[in-house]
């Protein structure tokens, strides 16, 4: 009999597991720093080149994120299996389950641009209301609209991130359909909300400092973050 298809079943891990993920991410980076740095440079150059094109470039970049994410995860699997990774593995997502990965990117792009549009409308509405009301009261209305937009962006971003966090791994490694993978990813994130929050806070802080030296810190953050995501996927999903 054929083995049962992977259903995305996940388990709950301890809050401190996120520090083990980061430690594994660092260990994977140290094992092959040259490959990781080369892959990061190539990925950043491609995404920046695509993003130069107004509007369409931004959309295309969001659609391609899951495909390149799958490539980074493939490098992680090769390193974890003590193989010799290649920079060409960055494009593994284009050769396997590419259509499903693009669909994950479509849902991700819809979520991101939908949230951005909502924030724009709220901020614009607040500024318009402030202009109509007058100088003193208008400042309060405009500022209130800005705070409301920031709050809604934060709240609405959480489910989008949760649904797409593990989805590329589930699609690429297990051939899950995009919606099923995103549902499993969301469920895993909800079940492990505390370690995911700690991990997310660390990522935001690290991302801030990575951007300070003209963004050069991303060359280090991208591989460590990708490997940590791979470690979290292996830790949370049973049968991974």
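Brief remarks on what is shown
- Unmet requirement for residue 176, which otherwise passes all of (1) assigned to a helix (DSSP H, G or I); (2) farther than 14 Å from residue 234 by Cβ: (1)
Residue-by-condition table, conditions (1) outside any helix (DSSP H, G or I); (2) more than 26 Å from residue 21 (Cα to Cα); (3) modelled with pLDDT of 70 or more; (4) in contact with a helix residue (DSSP H, G or I) (Cβ under 8 Å, 6 or more places away or on another chain):
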{"residue": "117", "(1), (2), (3), (4)": "no, yes, yes, no"}
{"residue": "138", "(1), (2), (3), (4)": "no, yes, no, yes"}
{"residue": "151", "(1), (2), (3), (4)": "no, yes, yes, no"}
{"residue": "159", "(1), (2), (3), (4)": "no, no, yes, yes"}
{"residue": "170", "(1), (2), (3), (4)": "no, no, yes, yes"}
{"residue": "181", "(1), (2), (3), (4)": "no, no, yes, yes"}
{"residue": "195", "(1), (2), (3), (4)": "no, no, yes, yes"}
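- A residue that is closer than 30 Å to residue 116 by Cβ, at pLDDT below 95 and either within 17 Å of the chain's Cα centre (by Cα) or in a loop (DSSP other than H, G, I, E, B) (or both) cannot be found anywhere in the range 67-86.
- Residue in the range 232-239 that is closer than 18 Å to residue 76 by Cα, buried (at least 16 other Cβ atoms within 10 Å of the Cβ), touching a strand residue (DSSP E or B) at 6+ places or on another chain (Cβ under 7 Å) and touching a residue at least 12 places away in the same chain (Cβ under 8 Å) present: yes
- Residue among 146, 199 that is modelled with pLDDT of 90 or more and assigned to a helix (DSSP H, G or I): 199
- Single residue of the range 4-22 satisfying the filter (surrounded by 15 or more Cβ atoms within 10 Å (Cβ to Cβ) and in contact with a strand residue (DSSP E or B) (Cβ under 8 Å, 6 or more places away or on another chain)) that is nearest to residue 206 (Cα to Cα): 10
- Residue tally, condition over 21 Å from residue 162 (Cα atoms), part of a helix (DSSP H, G or I) and in contact with a helix residue (DSSP H, G or I) (Cβ under 8 Å, 6 or more places away or on another chain), over the range 202-239: 5
- Some residue of the range 93-102 being surrounded by 13 or more Cβ atoms within 10 Å (Cβ to Cβ), within 26 Å of residue 217 (Cβ to Cβ) and at pLDDT 95 or above: yes
- Scanning the range 23-39 for residues that are surrounded by fewer than 22 Cβ atoms within 10 Å (Cβ to Cβ) and over 15 Å from residue 231 (Cβ atoms) yields 32, 33, 34, 35, 37, 38.
Yes/no per residue for (1) buried (at least 16 other Cβ atoms within 10 Å of the Cβ); (2) over 26 Å from residue 110 (Cα atoms):
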site: 160; (1), (2): yes, no
site: 173; (1), (2): yes, no
site: 177; (1), (2): no, no
site: 182; (1), (2): yes, no
site: 193; (1), (2): no, no
site: 206; (1), (2): yes, yes
site: 216; (1), (2): no, yes
site: 220; (1), (2): yes, yes
site: 230; (1), (2): yes, no
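The values are calculated or read from the model by the stated rules, or taken from the named source; none is laboratory data. Since the model is a prediction, treat every value here as computed from it, not as a measurement. We place every Cβ from the backbone using ideal geometry, glycine too, and count neighbours over all the protein chains shown.
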